[in-house]
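Here's the structure, in structure tokens; my notes come after.
The values are calculated or read from the model by the stated rules, or taken from the named source; none is laboratory data. Values in this document were obtained by computation on a predicted structure and should not be read as measured data. Every residue, glycine as well, gets a Cβ built from its backbone with ideal geometry; the counts of neighbours run over all protein chains shown. Protein only, heavy atoms only, side chains kept; ligands, DNA and RNA dropped before computing areas. Shrake-Rupley method; radii C 1.70, N 1.55, O 1.52, S 1.80 Å.
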Amino acid sequence: MSASLEIQLIAVVVAVTCALPGVFLVLQRMSMMSDAISHAILPGIVIAFFITGNLSSPWIILGAAAGGLLTVALVEVLRKTGLLKEDAAIGIVFPALFSVGVILIAQYAGDVHLDIDAVLLGELAFAPFDRITMGGMDLGPRALLVMGVILVVNVVFISVFFKELKLISFDRALAGALGFAPALLHYVLMGLVSVTAVGAFDAVGSILVVALMVAPPASAYLLTDGLKPMIVVSVVIGAVSAVAGYWVAHWLDASIAGAMASMSGVLFLSILILAPHRGLWSVQKRRSNQALLFGRKMLVIHLYNHEGLPEAQHECRMDHLEDHLRWDHAFASRAIRSSLQNDYILQQGPHLSLTETGRKYARSSLVEL
Amino acid sequence: MIDLLTNLFSDYTLRTVALGSALLGITAGSLGGFALLRRQSLLGDAISHAALPGIAIAFLLTGSKAPLVLILGAGIAGWIGAALISVVTTQTRIKYDSALGIMLSVFFGFGLVLLTYIQRQPDANQAGLNSFLFGQAAALIEQDVFLIFVIGSVVILLIALFWKEFKLLSFDSDFLGTLGYPIRTLDYLLTTLFVVAIVIGLQTVGVVLMSAMIIAPAAAARQWTDRLGLMIFLAGIFGAFSGVGGALTSSLIPALPTGPTIVLIVSAIVLISLLFAPNRGLVFRRVRDWQAGKRLRVDAVLVDLYTLASQHSSAEYPHSERVLDVMSSISGPAHQTLKVLKDLDLAIPIDSTHWSLTPEGVLRAERVIERQFGGDS
């Protein structure tokens with residue numbers, strides 16, 4: 001397999017592995033936990049590194065996961081005191097833990113290969129050079145194998161506990177009442193987020209893990225209503241961001257991880273604008289249609305109220321609408337045009353009058369009101 | 001200690017770094033108060049990360065590394081990030097936390113693409129851009145401090161000018177709206193001040209730790225007072241103190257980076273405040289709970305004794321401690337509480353295990369019952 005293909009494969013596996021727990025973070029409004037955890041794993045990595053002296057030891061992953069769980073536990077402790085809100089607790093805990101990590105590196109790691117740049121930013125381009133061999137046989141790049149294992153763990157966990165995860169995501173109180181131990185499941189999920197973040201930080205760095213965990217599920221959230229479709233769509237969006245990111249980075253000769261995050265952002269932005277029903281464009285269109293519908297109703301009711309009365313001469317004029325209903329000129333002409341098209345009114349010069357259909361529509365609208 | 005103070009006034013670098021960090025602490029801390037109350041504690045984190053592409057673009061466009069140029073770029077990018085968060089959360093069903101996470105990481109990723117792109121340009125002298133990631137307080141020079149001072153003063157002046165509006169915005173923005181104030185505009189103004197305070201701090205403490213500079217001093221100050229003015233003032237003091245403390249500590253210990261040291265000091269202040277602040281602090285609360293528990297136990301045993309006495313001919317009739325142990329609605333042996341009652345002259349021991357009420361005890365027990373059951377009995 002060529003290096004280019006291997007990098008893309010790693011990128012896709014990383015993106016998919018991150019998207020899976022990300023779905024539940026987004027649904028449970030804990031997206032920022034991924035940010036906190038991905039930073040707070042630093043001291044765990046550093047301490048495990050000091051003990052084992054080896055960055056590729058599996059202890060590093062365990063140390064980092066412990067760091068992640070420590071964050072979750074500390075945030076929970078602070079929140080339970082009632083003295084701090086959850087967001088403030090997160091905002092205080094992870095910078096403190098991250099600082100401990102940075103200071104430990106500066107104090108003791110010296111010139112060992114453990115710099116914060118690598119932890120924060122990652123470098124996917126070098127991933128194919130670090131390979132695992134067993135008995136002389138090349139098993140593939142380390143990052144691919146490690147992430148592959150974590151992916152399998154995530155898939156198994158989510159399939160086995162699908163019902164429970166669904167329940168705690170949508171109705172935590174009910175989950176508790178039914179005896180599903182939401183707190184335990186919460187910690188297991190956070191443990192998975194930590195392990196995933198550790199596995200991914202090597203390849204994409206800790207800050208961009210957040211992009212891969214949050215952006216694809218949030219995009220899917222705009223497109224779907226079911227949990228299963230949301231997971232599938234998130235995975236697809238994650239994979240597409242990974243491959244597209246690789247090629248953008250290749251073209252610009254820039255950071256692959258950064259480009260993957262950027263592409264997930266581009267996809268999010270496109271979906272944000274274009275998503276049917278929930279996208280900005282369709283929300284805007286719906287609002288404008290509702291305004292126009294309301295405008296038509298107001299217009300026919302106004303004409304109906306003054307119809308056949310002495311003041312009709314000046315009340316039922318185009319320019320009067322702007323004074324009486326406080327419509328701006330553009331909206332008034334839109335409402336008139338739309339009412340003409342619907343055959344509700346007739347126009348003779350500046351004068352407006354109701355048609356029979358318009359009269360009926362006015363009467364039924366008044367009943368509605 | 002004397003050496004340290006002499007150094008602070010004589011060593012140029014140390015003085016510059018300490019002054020810069022102090023000014024930054026004051027500015028960030030004061031704004032943090034509003035962020036804390038508005039539950040926007042993590043907005044600072046998002047803005048500081050979102051600023052990165054602005055720094056890269058400012059450099060790409062101008063080729064200059066002048067702090068003002070880079071700060072301007074950072075500010076514009078951070079502001080766009082904040083505005084997008086607001087649009088996404090108000091117009092779609094994406095929640096606040098997801099919006100923060102996306103803007104934070106996507107902007108940062110984009111900034112990273114630009115930075116690596118710049119680094120691979122053969123002629124670019126890009127050194128120094130990286131310092132924004134982790135901050136390099138030690139590299140602060142007098143001009144930087146002057147810039148922080150000017151911008152910080154403007155921020156604090158604006159807070160003072162819009163004090164009433166910002167206060168209402170933080171506590172009851174709907175009410176502010178009904179009074180006819182433009183909520184949206186004020187919200188954007190406060191967010192803009194936020195962005196400004198963050199970007200001037202990036203150079204000192206860096207992207208990752210800037211959010212702690214905003215939120216931690218305010219979270220600590222919140223524990224000491226219930227008044228907004230005092231809280232903001234205290235937050236400023238805590239911010240300044242950790243800035244100076246971090247600068248001094250890191251100057252004393254070799255290879256101790258300033259930014260993380262500042263953050264650890266401010267985190268320690270938070271911890272101390274959570275534990276020891278009067279009224280809200282955990283220790284204070286524990287003591288208060290313990291005292292309340294003691295008072296409740298005294299009342300309960302008193303009422304139990306009274307109940308027993310009322311079933312016998314006289315108040316002096318001795319009652320066994322064993323009976324009191326099991327009858328009290330408050331669990332646990334009654335012995336300690338009986339000793340307290342004796343000290344208060346409300347009960348007297350007849351022998352080693354039997355007790356009876358004093359006349360004062362009877363009166364007091366009646367008052368307790370009156371209070372507990374109101375007018376019913």
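For segment B:64-92, which positions are within 14 Å of another protein chain (Cβ to nearest Cβ) and assigned to a helix (DSSP H, G or I)?
B:A77, B:I80, B:G81, B:A83, B:L84, B:I85, B:S86, B:V87, B:V88, B:T89, B:T90, B:Q91
Kindly indicate whether A:T71 is under 26 Å from B:P217 (Cβ atoms), of a type in the set (S, T, Y) and either assigned by TED's automatic domain parsing to the domain that holds A:R142 or within 26 Å of the chain's Cα centre (by Cα) (or both).
Answer is yes for this residue.
In segment B:93-111, what residues are open to solvent by less than 10 Å² (accessible area, probe 1.4 Å) and either more than 7 Å from chain A (Cβ to nearest Cβ) or over 29 Å from the mean Cα position of the chain (by Cα) (or both)?
If the condition is that a residue be open to solvent by less than 10 Å² (accessible area, probe 1.4 Å) and either more than 7 Å from chain A (Cβ to nearest Cβ) or over 29 Å from the mean Cα position of the chain (by Cα) (or both), then B:A99, B:G109, B:G111 are the ones that fit.
Using the structure shown, decide if B:V208 is surrounded by 13 or more Cβ atoms within 10 Å (Cβ to Cβ), at pLDDT below 90, within 27 Å of A:I92 (Cα to Cα) and within 20 Å of the chain's Cα centre (by Cα).
Yes.
Looking at segment B:276-311, which of its residues are open to solvent by 60 Å² or more (accessible area, probe 1.4 Å), without any contact (Cβ under 8 Å) to a residue 12 or more places away in the chain and hydrophobic (A, V, I, L, M, F, W, C)?
Within segment B:276-311, B:F276, B:V283, B:F284, B:V287, B:W290 qualify.
Scan segment A:91-111 and report the pairs whose first residue is outside the structural domain of A:F50 (by TED's automatic domain parsing) and whose second residue is at pLDDT below 90 and crowded, with 23+ Cβ neighbours inside 10 Å, with Cβ atoms within less than 7 Å and a gap of 6+ or a chain change.
Taking only residues 6 or more apart or on different chains, not a single pair turns up.
Residue by residue, here is whether (1) closer than 24 Å to B:Q91 by Cβ; (2) open to solvent by less than 70 Å² (accessible area, probe 1.4 Å); (3) touching a residue at least 24 places away in the same chain (Cβ under 8 Å) holds:
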position: A:P216; (1), (2), (3): yes, yes, yes
position: A:G226; (1), (2), (3): yes, yes, no
position: A:V236; (1), (2), (3): no, no, no
position: A:A259; (1), (2), (3): no, yes, no
position: A:L269; (1), (2), (3): yes, no, no
position: A:L280; (1), (2), (3): yes, yes, no
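Which number in (1) aliphatic (A, V, I, L, M); (2) within 22 Å of B:L112 (Cα to Cα); (3) open to solvent by less than 40 Å² (accessible area, probe 1.4 Å) marks the one condition that B:V196 misses?
Answer for B:V196: the failing condition is (3).
Condition check: farther than 17 Å from B:M213 by Cα, free of Cβ contacts under 8 Å to residues at least 60 places away in the same chain, open to solvent by 60 Å² or more (accessible area, probe 1.4 Å) and of a type in the set (A, V, I, L, M, F, W, C). Does B:I253 satisfy that?
Values: farther than 17 Å from B:M213 by Cα: yes; free of Cβ contacts under 8 Å to residues at least 60 places away in the same chain: yes; open to solvent by 60 Å² or more (accessible area, probe 1.4 Å): yes; of a type in the set (A, V, I, L, M, F, W, C): yes.
Yes.
Looking at segment A:74-92, is at least one residue crowded, with 24+ Cβ neighbours inside 10 Å, within 14 Å of chain B (Cβ to nearest Cβ) and not in a helix (DSSP H, G or I)?
Scanning segment A:74-92 turns up at least one residue that is crowded, with 24+ Cβ neighbours inside 10 Å, within 14 Å of chain B (Cβ to nearest Cβ) and not in a helix (DSSP H, G or I).
I need the full set of residues from segment B:33-49 which are part of a loop (DSSP other than H, G, I, E, B) and at the interface with chain A (Cβ under 9 Å from one of its Cβ atoms), in order please.
The answer is B:R39, B:Q40, B:S41, B:L42.
Testing A:I41 on (1) surrounded by fewer than 23 Cβ atoms within 10 Å (Cβ to Cβ); (2) within 25 Å of A:P182 (Cα to Cα); (3) under 24 Å from the mean Cα position of the chain (by Cα), one condition comes back false. Which one is that?
For A:I41, the exception is condition (1).
Checking B:I57 against (1) within 23 Å of A:F201 (Cβ to Cβ); (2) in contact (Cβ under 8 Å) with a residue 24 or more places away in the chain; (3) among the β-branched types (V, I, T), which single condition isn't satisfied?
Evaluating B:I57 over (1) within 23 Å of A:F201 (Cβ to Cβ); (2) in contact (Cβ under 8 Å) with a residue 24 or more places away in the chain; (3) among the β-branched types (V, I, T) leaves (1) as the failure.
Conditions: (1) within 14 Å of chain A (Cβ to nearest Cβ); (2) open to solvent by 20 Å² or more (accessible area, probe 1.4 Å); (3) more than 26 Å from the chain's Cα centre (by Cα). B:Q136 meets all but one. Number of the miss?
(3)
Of everything in segment B:266-275, what is β-branched (V, I, T) and either touching a Phe, Trp or Tyr at 6+ places or on another chain (Cβ under 8 Å) or loosely packed, with under 14 Cβ neighbours inside 10 Å (or both)? Give them in sequence order.
B:V266, B:I269, B:I272
Quick test of your reading of the structure: B:A292 fulfils all but one of (1) within 46 Å of the chain's Cα centre (by Cα); (2) more than 30 Å from B:R222 (Cβ to Cβ). Name the failing condition by number.
For B:A292, the exception is condition (2).
Could you say whether any residue in segment A:144-162 is modelled with pLDDT under 85 and not polar (S, T, N, Q)?
Scanning segment A:144-162 turns up no residue that is modelled with pLDDT under 85 and not polar (S, T, N, Q).
Can you find, within segment A:212-238, the residue that is nearest to A:V26 (Cα to Cα) among those that are among the small types (G, A, S) and at pLDDT 95 or above?
A:A218
Output the number of residues of segment A:308-366 satisfying the condition of being assigned to a helix (DSSP H, G or I), within 21 Å of A:N289 (Cα to Cα) and among the acidic types (D, E).
Matching residues across segment A:308-366 total 1.
Being in the same structural domain as B:T261 (by TED's automatic domain parsing), open to solvent by less than 10 Å² (accessible area, probe 1.4 Å) and modelled with pLDDT under 90 is the requirement here; does B:L24 meet it?
no
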